[in-house]
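Only one structure is covered here, and it is reproduced in the block below.
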Amino acid sequence: RTFLLLLFWAGWLGMVGAAAAIVARAPRCRPLPPAEWWHLGGLYKAPPKDLGGDLTEVASRLELLAGLGARGLVLGPLHPSQDPPQ
């Protein structure tokens, strides 16, 4: 039993040593590229009619959206869609 216990611990230490060697020899990751502006916050998507209807009303509400944490605005759809035939 003592031999099996020593064999177990020798195998376990061998596996830990092998894992440490693999991690030490692994290549380093490339540094991340600088984040683009659209990665720094959320985008708010809304049709223009929800923000006032025309682009001047939308522009007047941009500060409100920025206060909500939105980093960009996606407007759409700009044209009303056709109802599908039934």
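See the values below:
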| item | result |
| --- | --- |
| Charge dipole (debye, nearest 20) of the stretch 1-75; +1 at Cβ of Lys and Arg, -1 at Cβ of Asp and Glu | 640 |
| Heavy atoms of V23 accessible to a 1.4 Å probe, total area in Å² rounded to 10 | 100 |
| Cα-based helix-to-principal-axis angle, 2-25 vs the chain, degrees rounded to 10 | 40 |
| Long-range amide H partners of L73 with built H, under 5 Å | Y44 |
| Under the Debye formula (equal points on every Cα, no solvent term), log10 I(q)/I(0) of the stretch 1-75 at q = 0.17, 0.19, 0.28 Å⁻¹ | -0.78, -0.85, -1.19 |
| Fully extended contour minus Cα-Cα distance, from L13 to R61, at 0.36 nm per residue | 10.9 nm |
| Length-normalised contact order for the chain - Cα pairs under 8 Å, 6+ apart - percent | 30 |
| Spin-label model distance (nm) - A20 vs W37, 7 Å beyond Cα toward Cβ | 5.0 |
| Candidates R30, R61, R71: whichever shows maximal mean-square fluctuation once the chain is modelled as a Gaussian network with Cα springs under 10 Å | R30 |
| Unit charges at the beta carbon, dipole of the stretch 1-75: most positive-side option, A18, V74, L43 | A18 |
| GNM flexibility winner over the chain from G41, G11, G52 (Cα, springs under 10 Å) | G11 |
| Most mobile of L32, L73, L65 in a GNM of the chain (Cα contacts under 10 Å) | L32 |
| Residue-normalised accessible area of the stretch 1-75, expressed per residue, 1.4 Å probe, Å² | 89 |
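The values are calculated or read from the model by the stated rules, or taken from the named source; none is laboratory data. Computed from a predicted model, the values in this text were never measured in an experiment. Backbone-built Cβ (ideal geometry, glycine too); neighbour counts: all protein chains shown. These accessible areas exclude ligands, DNA and RNA; they are computed on the full protein's heavy atoms, side chains included. Shrake-Rupley method; radii C 1.70, N 1.55, O 1.52, S 1.80 Å.
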